[in-house]
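Scroll down for the structure; my scribbles are underneath it.
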Amino acid sequence: MAAHIGSDRKAVQLHLGGGTPTFFTSDELRQLMTMLRSHFDFAPDAELGVEIDPRTVKDGTLAMLAELGFNRNSFGVQDFDPAVQQAVNRIQPLEMVEKAVAESRNANFQSINADLIYGLPKQTLESFGRTLDSLIRVAPDRIALYNYAHLPSRFKAQRQIIESDLPSAEERLQIFLMSMHRLLDAGYVYIGLDHFSKPDDELNRARLNKSLHRNFQGYTTRAECDLIGFGVSAISKVGNSYSQSVRTVNAYYQRIEAGQLPTEKGFDLSSDDLLRRQIIMTLMCSAPVEIDAINLQYGIDFRSYFAREMSQLKQYEDAGLITIDAAAIRVTPKGRLFVRASGMVFDKYLSQPTTSTYSKLI
């Protein structure tokens, strides 16, 4: 991959994800980072983030990751309730997460994130409230609050989950709304969709200075970057294209051993795709879609070009989720909760029968 990119490109962000990087030994992680640094030129202020399963953290794990250059991390918390943890077969006591976060601070990580999931089996409004109480006391810099997607046909591990134990759509909505109120009362800022941060975190600073971006991992900074994905099924965004790696380990190794990039499919974006992506991204980041600027940039008449979409947006305007005037489409404070709905209006591929979708509004 480095040979295709060229030696003059700076790496300004690294995200080591998948939920399980810390299952590797310290020596394996050192080998990985040495290899990456030998092929890519990392900027001095590069953001290096790593996902951490708290169950894998040993004495010295966080210090070792900091030594390798990681300065941001994310812990998979999901839920602290013992019954919920038992139902999803992920036992990790609160004390385990507290210790890991404390060691992260001692190792001078600049931003610490915790992932919560609502909609899990055995979860109730009351039990999740207790989870929030505990996490607020731990006080991570960021909190991602994800909606559980139950897809047993796609994910084998989910077939062990009893569907009757899952909360209803109404219960999930109430859990989300309760969570939002609790986090805002605790001093967190709502970034959008499923992300919250402390006011002084760089994610909120990016929201305020309009440099906020959303990619495959969620909200992030440095929107101008190309994104190179390594690993099975990884997605890349380079220039005006998207590509995805093969989705099985065997196929991945076969391509690599044959001296080929492990790319399975790719798409070149048309000018219409780029236009729609820009509008959707702007809405997702709750920034105004400035109509005259779009007209000038793309040489279109916005209202004529998007006549169908403007008609569909009327229902969201009537509901108070957006405002539309001659200058711009703006997301209202209430509309930030449902910004995905407004953005979906501009996604022409969602109406195609072959499109697979896994995200839901609630």
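Can you sort Glu51, Glu171 by how many other beta carbons sit within 10 Å, fewest first?
Glu171, Glu51
How much of the DSSP beta bridge set in the range 2-214 is antiparallel, as a percent to the nearest 5?
Counting DSSP beta bridges with both partners in the range 2-214, the antiparallel share is about 20 percent.
Would you calculate, for the chain, the mean residue ellipticity at 222 nm contributed by helices, counting each DSSP H stretch of 4 or more residues as -39,500 (n - 2.57) and dividing by all residues, to the nearest 500?
After summing the helix terms and dividing by the residues of the chain, the value is -11000 deg cm²/dmol.
Rounded if a/c is under 1.5, else prolate if a/b is larger than b/c, else oblate: which is the range 2-214, with a ≥ b ≥ c the root eigenvalues of its Cα gyration tensor?
prolate
Just want to confirm a number: the relative contact order over the chain, from Cα pairs under 8 angstrom separated by 6+ residues, in percent.
9 percent.
Springs between alpha-carbon pairs under 10 angstrom, Gaussian network model over the chain: which of Ala83, Ala326, Ala63 fluctuates most?
The residue with the greatest mean-square fluctuation here is Ala326.
Arrange Phe109, Phe23, Phe40 by Cβ neighbour counts within 10 Å, fewest through most, would you?
Phe23, Phe40, Phe109
Rank the residues Val50, Val232, Val331 as a footprinting-exposure proxy: fewest other Cβ atoms within 10 Å of their Cβ go first.
Final ranking by Cβ density, sparse to dense: Val232, Val50, Val331.
Using the Karplus curve 6.51 cos²θ - 1.76 cosθ + 1.60 with θ = phi - 60°, what ³J(HN,Hα) values do you get for each residue of the range 227-241, in whole Hz, with x for Gly and Pro?
10, 10, x, 10, x, 4, 6, 5, 10, 10, 10, 10, x, 9, 9
Could you tell me the distance between the Cα centroids of the range 226-299 and the range 144-164, to the nearest Å?
With the range 226-299 and the range 144-164 each reduced to a Cα centre, they are spaced 26 Å.
Which value, in debye to the nearest 20, describes the size of the charge dipole of the chain about its Cα centre when Lys and Arg Cβ atoms bear +1, Asp and Glu Cβ atoms bear -1, and nothing else is charged?
400
If we sort 93-100, 187-194 on the protection proxy, mean other Cβ atoms within 10 Å, highest first, what's the order?
187-194, 93-100
Mean separation of Cα pairs under 8 Å and 6+ residues apart, divided by the residue count of the range 66-174: what relative contact order is that in percent?
32
Using the Karplus curve 6.51 cos²θ - 1.76 cosθ + 1.60 with θ = phi - 60°, what ³J(HN,Hα) values do you get for each residue of the range 262-271, in whole Hz, with x for Gly and Pro?
Per-residue couplings from phi come out as x, 7, 9, 7, x, 9, 8, 7, 7, 4 Hz.
Between (1) 5, 21, 29, 22, 11, 5, 3, 2, 2, 1, 0, 0; (2) 5, 24, 32, 24, 11, 3, 0; (3) 4, 21, 31, 29, 13, 2, 0, which matches P(r) over Cα pairs in 10 Å bins from 0, in percent calculated for the structure shown?
Of the labelled values, this structure produces (3).
Running a GNM on the chain with Cα contacts under 10 Å, which residue among Arg222, Arg207, Arg72 ends up with the highest mean-square fluctuation?
Of the options given, Arg222 has the highest mean-square fluctuation.
Calculate one ³J(HN,Hα) per residue across the range 137-148 by plugging θ = phi - 60° into the Karplus curve 6.51 cos²θ - 1.76 cosθ + 1.60, and present them in order as whole Hz with x for glycine and proline.
With coefficients 6.51, -1.76 and 1.60, one gets 5, 5, 6, x, 6, 9, 9, 9, 10, 9, 8, 5 Hz.
Since every read-out is calculated from the coordinates, none of them should be taken as a lab result. From a predicted model like this one, the values you see are computed outputs, not experimental measurements. Backbone-built Cβ (ideal geometry, glycine too); neighbour counts: all protein chains shown.
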